[in-house]
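Here the structure is laid out as structure tokens; the discussion comes afterwards.
The values are calculated or read from the model by the stated rules, or taken from the named source; none is laboratory data. As the structure is a computational prediction, the values presented were derived from the model and not from experiment. Neighbour counts run over all protein chains shown; Cβ positions are idealised from the backbone, glycine included.
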């Protein structure tokens, strides 16, 4: 599949490398971190700063899917309709904390039933159909970074499961 990609931070790197390792082509990237930009430039990919960039929108039109792993922008419905198979977002603690800062909210509530979920992107933030959600225990994690460290394997697993489902559809 040709995948337009939005990502940032370490999970964005992990997601992009998983997509490439599965043999998919990344047709355009919006990077929200210099680390991700550096890694993907090593693969010969051009990174844009925003979904509003015309070149990224052109890539989106020529993609099968939009995949978001730690994105920072709300994608309008008009853009979600451009890729043939729509958009998928990965989100930690999707079952309980849609929206911003889910891990921080989970830590405040001492909720250690951590997860990574994949859902279809819609005009409503984090409200689309859930395609996959995998769980782990984050007991002993005291910071956002420590929870993410426990979630990294789940990001890979959820991307693999979700992309295999999307290819069948």
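Listing for the model above:
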{"item": "Residue tally, condition within 18 Å of residue 160 (Cβ to Cβ), part of a helix (DSSP H, G or I) and either touching a strand residue (DSSP E or B) at 6+ places or on another chain (Cβ under 8 Å) or in contact (Cβ under 8 Å) with a residue 12 or more places away in the chain (or both), over the stretch 11-52", "result": "10"}
{"item": "Boolean, residue 55 is buried (at least 22 other Cβ atoms within 10 Å of the Cβ) and either over 16 Å from the mean Cα position of the chain (by Cα) or assigned to a helix (DSSP H, G or I) (or both)", "result": "no"}
{"item": "Residue that is modelled with the lowest pLDDT, among those in the stretch 123-160 that are over 25 Å from residue 22 (Cα atoms) and touching a helix residue (DSSP H, G or I) at 6+ places or on another chain (Cβ under 7 Å)", "result": "123"}
{"item": "Search result, residues across the stretch 110-139 that are outside any strand (DSSP E or B) and either more than 18 Å from residue 71 (Cβ to Cβ) or free of Cβ contacts under 8 Å to residues at least 40 places away in the same chain (or both)", "result": "110, 111, 112, 124, 126, 127, 128, 129, 138, 139"}
{"item": "Condition met for residue 82 (surrounded by fewer than 21 Cβ atoms within 10 Å (Cβ to Cβ), within 14 Å of the chain's Cα centre (by Cα), modelled with pLDDT of 95 or more and not in a strand (DSSP E or B))", "result": "no"}
